[in-house]
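First the structure, in the form of structure tokens, and then the observations on it.
The numbers here are math on the coordinates, done by the rules we state, and not lab data. Computed from a predicted structure; not experimentally measured. FYI the Cβ positions are ideal-geometry reconstructions off the backbone, even for glycines, and counts take in every protein chain you see.
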Amino acid sequence: MFKKVLVPVDGSRGSLKAVSMAAEIGRQFGSQVTLCHVLELPATTLTALGMAGTPGAGDAGFTAMEKAARDILNDAQAALALPVEQVSQENMLGHPAETIIRLAESGGYDLVVMGSRGLSEVRAFFLGSVSDKVSHHAPCPVLIVR
Ligand SMILES: Nc1ncnc2c1ncn2[C@@H]1O[C@H](COP(=O)(O)OP(=O)(O)OP(=O)(O)O)[C@@H](O)[C@H]1O
Ligand SMILES: [Mg+2]
């Protein structure tokens with residue numbers, strides 16, 4: 001059970017709680033854990049950077065964002081504290097919810113573990129828009145941590 005676990009992270013407190021729970025699941029079940037971060041670039045940003053959907057290397061703004069994304073993944077991996085052969089990272093570009101759902105499908109994951117809220121943390125709602133969409137459309141069970 002829970003052989004392949006997908007953990008979407010955005011660097012928020014909520015996603016770090018999900019990482020702690022995924023660490024426990026990884027230890028209990030010997031799961032392969034994939035940390036994924038989706039860098040969301042609005043269409044206007046892509047246009048301004050002169051990118052028709054596929055960013056190229058060398059742009060300063062994009063390079064900074066890519067570095068921030070790598071830091072989020074590396075911090076999550078450090079917090080996960082599982083043996084390195086049990087962990088992988090996916091650094092992706094696109095619409096967060098859609099990209100996470102597509103990865104859960106194509107990667108054959110059998111569990112997604114994510115935070116109830118992310119960086120926006122508007123108290124009025126239990127779920128953020130990403131956890132809401134993923135919980136409705138993922139092809140596997142979704143554990144929403146709060
Ligand atoms: N860009 C992202 N890449 C990977 N995982 C993400 C991303 N954004 C959110 N998540 C995951 O979804 C969880 C819930 O975050 P979500 O974005 O839904 O809430 P929010 O930021 O509080 O609200 P909203 O983004 O809807 O304004 C996070 O704890 C994290 O696990
Ligand atoms: Mg968010």
Mind giving me the FRET efficiency for LYS4 and SER120? R0 is 30 Å, r the Cβ-Cβ distance, nearest 0.05 is fine.
-> 0.60
Per-residue [θ]222 nm for the chain (sum of -39500 (n - 2.57) over DSSP H runs n ≥ 4, rounded to 500) | -14000 deg cm²/dmol
Normalised contact order of the chain, rounded percent, pairs of Cα under 8 Å and 6 or more residues apart | 35
Length gained, GLU90-MET21, 0.36 nm per residue minus C-alpha separation, equals 22.9 nm
For LYS3, counting only lysines whose alpha-carbon sits under 27 Å away and dropping same-chain residues fewer than eight positions off, the answer is LYS17, LYS133
Quickly work out the GLU98-to-ASP132 label distance, labels modelled 7 Å from Cα along the C-beta direction, and quote it in nm with one decimal.
-> 1.8
Taking only the alpha-carbon positions of the chain as identical scatterers, the Debye log10 I(q)/I(0) at q = 0.13, 0.17, 0.21 Å⁻¹ comes out as -0.56, -0.93, -1.30
Sites ALA79 and ASP59, calculated FRET efficiency, Cβ-Cβ separation with R0 30 Å, nearest 0.05 = 0.50
How would you rank CYS36, CYS140, going from fewest to most other Cβ atoms within 10 Å of each one's own Cβ?
-> CYS140, CYS36
